[in-house]
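Data block below; observations after.
What follows draws every value from the coordinates through simple rules; no lab data is involved. Only a predicted model underlies this, so the values are computations on that prediction, with no experimental measurement involved. No Cβ is skipped: glycine too gets one built from the backbone with ideal geometry, and neighbour counts run over all protein chains shown.
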Amino acid sequence: MKKLAAGNWKMNGTTSALTEVQALLAAHPAPACEMLLCPPATLIAQMATAASGSGLLVGGQDCHPKASGAHTGDISATMLKDAGASHVILGHSERRADHGETDALVRAKAVAAMAAGLVAVVCIGETEAERDAGKTLAVIGGQLDGSLPAGATAATLVVAYEPVWAIGTGRTPTLAEIGEVHAFLRDRLRGLIGDEAAAVRLLYGGSVKPSNAAEIFAVPHVDGALVGGASLKAADFGAIVAALSA
Ligand code: PEP
């Protein structure tokens, strides 16, 4: 399976930030892994135009479960697709925390994403208190069960394991802890979607940077990364792409 380097720009970037995309494409015109950047919605169309004909994929950071209607300020999966997106991040812990998103809502959004022809990048992860209480596998297992849409396949679903306490903190789980969770997720996925689970990309996310990327990517069942802060700069994201392509 091709590995995936996915970047989440969060609420960062205006038009001038697109120079980073040009620099990334100049440095990595044909990477061995898939490259995905998820900018703010305002930049999707421009980034998709800049990426046209390259190996770079463009994604959204959220979508509404409905295709259209009276939902001021929201964006549908169909609209993301229309703007040039191929993927959408769903259930990021910042949305679960800031907007009270539940597993059921994330699942409804994933259904909408798949119906619109987008790949759903479904995020799950435990808080620090949950890890300290020894509940990590129970929490992420429950999130996986509750967030995945029926009929998900390796072509329509990516799962990102992102410990909440590792996001933007510079802290990461040990390689053994990452390995334990990813092996657990592969197994749990098999129970949910059968043999297809073997080909679903399982990303690790949380303070991935050039200096720790290679060792994290060597962990079994880590099929790529979801990268926040380090995806904003072409040099850093490019180094992560290079580590995944090795
Ligand atoms: C994220 O928000 O998805 C993330 C992993 O952030 P960071 O890489 O900055 O920890």
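To the nearest 20 debye, what is the magnitude of the charge dipole of the stretch 97-141 about its Cα centre, counting +1 on the Cβ of each Lys and Arg and -1 on the Cβ of each Asp and Glu? All intermediate terms of the calculation are to be shown ahead of the outcome.
Working: 4 positive and 7 negative charges, 53 e Å.
Here the size comes out at about 260 debye.
Which of the DSSP-defined H helices in the chain satisfy a minimum axial length of 24 Å, computed from C-alpha atoms, and a minimum mean Kyte-Doolittle hydropathy of 0.0?
Long hydrophobic helices here: 175-193.
What shape does the stretch 11-103 have by the C-alpha gyration tensor, where a ≥ b ≥ c are the square roots of the eigenvalues, rounded means a/c under 1.5, and otherwise prolate means a/b greater than b/c and oblate the rest? Display every interim value, and only then the final one.
Values: a/c = 2.04, a/b = 1.82, b/c = 1.12.
Prolate is the answer for the stretch 11-103, as a/c is 1.5 or above and a/b outweighs b/c.
Work out how much length ALA67 to SER245 would gain on full extension: take 0.36 nm times their residue separation and subtract the Cα-Cα distance, in nm to one decimal. Don't skip to the end; give the middle numbers.
Values: separation 178, 0.36 × 178 = 64.08 nm, distance 3.61 nm.
That works out to 60.5 nm of additional length.
If you average the sequence gap of Cα pairs under 8 Å that are 6 or more apart and divide by the length of the stretch 164-246, what percent do you get for the contact order? Spell out each step's value before the answer.
Values: 103 pairs, mean separation 26.9, N = 83.
Dividing the mean separation by the residue count of the stretch 164-246 yields 32 percent.
Going by C-beta contacts inside 10 Å, put MET35, MET79 in order with the fewest on the left. Don't jump to the answer; show the numbers that get you there.
On the way: MET35 26, MET79 18.
Taking fewest neighbouring Cβ atoms as first place, the list is MET79, MET35.
Using a Förster radius of 45 Å, what is the FRET efficiency between THR14 and ASP187 based on their Cβ-Cβ separation? Nearest 0.05, please.
Working: r = 43 Å, r/R0 = 0.95.
Efficiency, rounded to the nearest 0.05: 0.60.
Going by how many other Cβ atoms sit within 10 Å of their own, how do PHE184, PHE237 line up, fewest first?
Numbers: PHE184 17, PHE237 29.
In order of increasing Cβ crowding within 10 Å: PHE184, PHE237.
With +1 on each Lys and Arg Cβ and -1 on each Asp and Glu Cβ, how big is the dipole of the stretch 4-245 about its Cα centre, in debye rounded to the nearest 20?
Details: 16 positive and 23 negative charges, 65 e Å.
Charge dipole, the stretch 4-245, about its Cα centre: 320 debye, nearest 20.
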